[in-house]
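Note sheet for the following structure.
Just so you know, all these numbers are worked out from the coordinates, no wet-lab data involved. On a predicted model such as this, the values are computed, not experimentally measured, just so you know. Cβ placement follows ideal geometry from the backbone for every residue including glycine, while neighbour counts extend to all protein chains displayed.
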Number of protein chains: 2
Amino acid sequence: MVKLKIYDTTLRDGAQGEGVSFSLEDKLRIVKKLDEFGIHYIECGWPGSNPKDEIFFQEVKKIKLSHAKICAFGSTRKPDSKTSEDANVQALLSAGIEVITIFGKSWDFHVKKALETTLEENLKMIYETVSFLKSKRKEVIYDAEHFFDGYKANKDYALKTLEKAHEAGADCLCLCDTNGGTLPWEIEEIIGGVKACFPKISLGIHTHNDNDLAVANSLVAVKCGVNMVQGTINGYGERCGNANLCSIIPNLQLKLQINYLTERRLQMLTEVSRFISELANLPHRENQPYVGKSAFTHKGGIHISAVRKHESTYEHIDPLLVGNARRILVSELSGQSTILSKAGDYGLDFTKNDPQVKEILKNVKKLEQMGYQFEGAEGSFELLVKKATGKYKKFFDLESFRVLVEKRGIKDIISEAVVKVMVNGERNYTVAEGDGPVNALDNALRGILEDFYPQLKEMKLLDYKVRVLTEGVGTIAKVRVLIESGDHEDTWGTVGVSENIIEASWQALVDSFEYKLLKDFEKKLH
Amino acid sequence: MVKLKIYDTTLRDGAQGEGVSFSLEDKLRIVKKLDEFGIHYIECGWPGSNPKDEIFFQEVKKIKLSHAKICAFGSTRKPDSKTSEDANVQALLSAGIEVITIFGKSWDFHVKKALETTLEENLKMIYETVSFLKSKRKEVIYDAEHFFDGYKANKDYALKTLEKAHEAGADCLCLCDTNGGTLPWEIEEIIGGVKACFPKISLGIHTHNDNDLAVANSLVAVKCGVNMVQGTINGYGERCGNANLCSIIPNLQLKLQINYLTERRLQMLTEVSRFISELANLPHRENQPYVGKSAFTHKGGIHISAVRKHESTYEHIDPLLVGNARRILVSELSGQSTILSKAGDYGLDFTKNDPQVKEILKNVKKLEQMGYQFEGAEGSFELLVKKATGKYKKFFDLESFRVLVEKRGIKDIISEAVVKVMVNGERNYTVAEGDGPVNALDNALRGILEDFYPQLKEMKLLDYKVRVLTEGVGTIAKVRVLIESGDHEDTWGTVGVSENIIEASWQALVDSFEYKLLKDFEKKLH
């Protein structure tokens, strides 16, 4: 049996997703990461349609890959023309890449309506393009676009297009559910029909998620014996996206027991998923199966107490297998068991029915109603717990701040912050500029505090997020600011909420400074 | 054949999702909306575990529903106790709701590890709780928690738990894939096993999405003959969420041809999905199948030119069937055909290879590199096109602005904006306060412009979104601000990008004012 291959098209089909855009440097980093992860084929772009992709192919060839093959993507030649003179085919060849994926039309309707040519000419386009590339000693994967819709509309013609690609020497026939509307049992039936005609050729599957079934359709195809699965990391792609490899890979390995990735590599899954979402500059979907921040997160009281007794009560796999982690949430649905479990993490030893726990719970609920959220703001939550238990210590007191943002004509904009803070009974003033009002506040506060607490120099703000809370009320909506900070040892999140974005940012900033100071102070005590 | 019923648990299981939280008022509005949409059962909460839910049940009974039945959720009685004295069961009864869903344990491992009781006692708990509630003339749905895992671990015991619920008179046995790890062919096989034992009883399916297969698993169960599908709107729920009714409902109706909702109601799908995401205060997932903003959005050049020829070339259904709409994107992947198609929407008539189109394309690409995004900011894009074609008209000129945010001690924070603007060659000053710096700027700009252009009074800012662009650089990250505005006729989006959030907001604000003025000016001309 041929080994199952994973074919990633994040850089080509994935980049068609709304809001997805990769720079040249991003694409090179992604290729290296996918190779390290163990992907077999990495489709990188379309040299015939995109000048940026041509430059990229020159660069990618310089990378030494340990595992993956690079693929270039393109279409069959244009109707009524010579393959060797086709600009798209020439661009594919001049990219100098070993594996070429050629898509052609399987659906008679598309041949007539989109290509505006005859059914006969389309068969020639497929045959001639594939055989021309094979004559240049390329590995050729033939993508049968709209195959399932084509098969339903005109089975004989759809099969004939595959036959042409096969006769021309294609190494794999990949069946595409381009519009993403096919059902799992249709996939099963149609692949059965194809296998009856081409019992020996290697088949692939390429699905889209328009009916929310792309992952199921891919798995069903594997059960039917296809040898290649195409998809994208995080399911990026046009409309509702492509089949999500971050779900397919662990399902294949952990549920279907197809061990084509080593165990160590599967543990990279969460990292790969988040890395690519970072480069795509898209928020990582929290409830994404296997890799999301919430995928193994427990919020309901009953679930938490059961998971504390035995993990597999509410988890289908061990999160470590895919490099993810279990989390217990602080939320209005959570009861004492959550607070106890969290407080234990901070070295605080509460007993059940402790009045302090009830006090904290009441406080958390009140703040949550105001728009605070401690999911992701563990730093602020820890300060809140310590304030309630007398373990908190004040390092500075804010007297006032003033932020000025001024723009004159088309000249640069100026942001300036004045901060007055009491430290050790002494009043301190400072003024600082910054790139934007929050950065100016950050700079001003540091200007004072670093003189007293030089360890703050190690602390950096790593991330800054703004969430508008009540939609539908324009510029007076409440905002929640989440700041992530870190030093050489830890990272922590802090939160602020206000109708005023400057005030919300200030709260989160102050919490972050306090968290750092308290953490270092406690360390010295021990 | 019994008609298929849709059972919504957004308000109970959905509310366990990370970041999901509904107020009492939200929950009542959601019940009305789901009833109007045609949902058969609406599970509303757990009166035994949550005092907020008890109050809610008193309120919900006052609503006159046209269609749906309200359900209360609870567990079987506690081990070794009397059902009639069980606090949870009493709370369920005193809620006074007609339909009660009771969950019990099917998996022997759970009975021992989580319930910490005997297998025998668990069977009694199921039987006695269901029959007690039946004796009170309730409709009882029995949720067999972890049924599929339980069946795989100990088939006989799992079936015995169903038998007890059935003997006790349960009206429906709902099989739950609580941990969300089951595969579609396992669902098929296990439901087959259950049907062999209980050929006549009504079965339900309740799946979770931990392996990204919840929708497929629900559809497979319907094919196997279950009569009830449980799920949540937008797939909200613990960990990776519940089965997404927004995908299941259109799949059932449009793909499996099960017409249990009228056509008119299916057209509410997108609205219902967005309404509930609004109340849950969660961003609506753009690539969500059927209902997402991107679900019928075309970005790739080839797709756009094909869709312009014939819609169904790259769409699996007509978006209007589910109340969604087609969109054509402006992006770096898009070529002339996109700009031509967009410009047509604004009444501009370009020809192919027009140098103005090339100029606009160059401009869009440059701005996109700086972080602008015109997906969702059609207002700003239209201004850009009109500037390039001489159809733009200036209504005011900004000379300068200054924003001051000041906080003293714990007192309220003050935001004040000073704006200087030239209108008709006349210099105008104004100062205004606001709830936050952006609102102050908005108020100041209106303070001047409404005197000259009273039609601005009809314009409202509807939504304000902030996106931090380059993650990983703390408070000096670039931000992109998206503002949505509207008047009595239209809504439009505008965008601003800067390292300074005030400047980015200002750009989007000014574009919004200009868009409104230009729109009204053109209307007068025609």
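Data overview
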{"item": "Integer Hz, Karplus 6.51/-1.76/1.60 couplings in order for the stretch B:67-73, x for Gly and Pro", "result": "8, 7, 9, 8, 10, 9, 10"}
{"item": "Cβ neighbours within 10 Å from other chains - mean over B:430-438", "result": "4"}
{"item": "Peptide-level mean, for B:135-141, of C-beta atoms on other protein chains within 10 Å", "result": "0"}
{"item": "Cα pair count fraction exceeding 20 Å, expressed as % - the stretch B:184-270", "result": "36"}
{"item": "Extension gain, B:L256 back to B:K362 (0.36 nm per residue minus Cα-Cα distance, nm)", "result": "33.5 nm"}
{"item": "Other-copy label distances relative to A:K394, 7 angstrom Cα-Cβ extension, nm", "result": "5.3"}
{"item": "Ranked list, fewest to most other Cβ atoms within 10 Å of each Cβ, for A:Y151, B:Y290", "result": "A:Y151, B:Y290"}
{"item": "At 7 Å out from Cα toward Cβ: B:E426 inter-copy label distances (nm, ascending)", "result": "5.6"}
{"item": "Area projected by the alpha carbon convex hull of chain B, averaged over all directions, nm²", "result": "30.4"}
{"item": "Burial ordering of B:T351, B:T491, fewest other beta-carbon atoms within 10 Å first", "result": "B:T351, B:T491"}
{"item": "Separation of the A:F109 and A:R408 label points, Cα + 7 Å toward Cβ, nm", "result": "6.4"}
{"item": "Burial ranking of peptide ranges A:100-111, A:266-277 (average Cβ count within 10 Å, highest at the top)", "result": "A:100-111, A:266-277"}
{"item": "Exposure proxy order (Cβ contacts within 10 Å, fewest to most) of B:H526, B:H206, A:H67, B:H316", "result": "B:H526, A:H67, B:H316, B:H206"}
{"item": "Per-peptide average of other Cβ atoms within 10 Å, ordering A:188-194, A:480-486 highest first", "result": "A:480-486, A:188-194"}
{"item": "Set of lysines near A:K366 by C-alpha distance (under 18 Å), chain-local residues within fewer than 8 positions excluded", "result": "A:K299, A:K358, A:K386, A:K387, A:K478, B:K52"}
{"item": "Peptide A:287-297, shielding by other chains (average Cβ, 10 Å cutoff)", "result": "6"}
{"item": "Qualifying trypsin sites (Lys or Arg not before Pro) for the stretch A:129-234 [loop in DSSP, other Cβ within 10 Å: at most 16]", "result": "A:K136, A:R137, A:K200"}
{"item": "Tilt relative to chain A, helix A:336-345 - C-alpha long axis, 0 to 90 degrees, to 10", "result": "90"}
{"item": "When each of A:K362/A:K516; A:K78/A:K105; B:K457/B:K516; B:K5/B:K293 is checked by Cα-Cα distance, pairs over 18 Å", "result": "A:K362/A:K516; B:K5/B:K293"}
{"item": "Principal semi-axes in Å for the stretch B:58-118 [√(5λ), Cα gyration tensor, largest first]", "result": "29, 14, 7"}
{"item": "Net charge of neighbours whose Cβ lies under 13 Å from the Cβ of A:N251, counting Lys and Arg as +1 and Asp and Glu as -1", "result": "-1"}
{"item": "Signed unit charges on C-beta, dipole axis of the protein assembly as shown, positive-most listed residue B:Q16, A:C174, B:A214", "result": "A:C174"}
{"item": "Angle between chain A longest axis and helix A:437-452 axis [Cα atoms, degrees, rounded to 10]", "result": "50"}
{"item": "Dipole magnitude of the protein assembly as shown, debye to nearest 20 (Cβ charges: Lys/Arg +1, Asp/Glu -1, about Cα centre)", "result": "680"}
{"item": "Environment charge of B:E499, counting only residues whose C-beta is closer than 9 Å and scoring Lys/Arg +1, Asp/Glu -1", "result": "-1"}
{"item": "The stretch A:13-153: C-alpha gyration tensor shape, a/c 1.5 cut-off, then a/b vs b/c", "result": "prolate"}
{"item": "Measure of compaction for the stretch A:5-261 (Cα Rg per 2.2 N^0.38 Å)", "result": "0.94"}
{"item": "Inter-site label distance for A:A87 and A:D318 at 7 Å from Cα along Cβ, in nm", "result": "5.7"}
{"item": "Cβ-vector label at 7 Å, B:K62, separations to other copies in nm", "result": "7.2"}
{"item": "Extension gain, A:E25 back to A:S400 (0.36 nm per residue minus Cα-Cα distance, nm)", "result": "130.6 nm"}
{"item": "Overall Cα dimensions of the protein assembly as shown, principal axis frame, Å, largest first", "result": "84, 79, 61"}
{"item": "Estimated FRET transfer efficiency (A:E167, A:K309; beta-carbon r; R0 60 Å; 0.05)", "result": "0.45"}
{"item": "Modelled label reach - A:E36, point 7 Å along Cα→Cβ, the stretch A:306-325 residues with backbone N closer than 20 Å", "result": "A:320-325"}
{"item": "Degrees between helix A:355-369 axis and first principal axis of chain A (Cα, 0 to 90, nearest 10)", "result": "60"}
{"item": "Interchain or long-range residues, amide H under 5 Å from A:E499's placed H", "result": "A:V479"}
{"item": "DSSP beta bridge pairing in chain B, given as percent antiparallel to the nearest 5", "result": "50"}
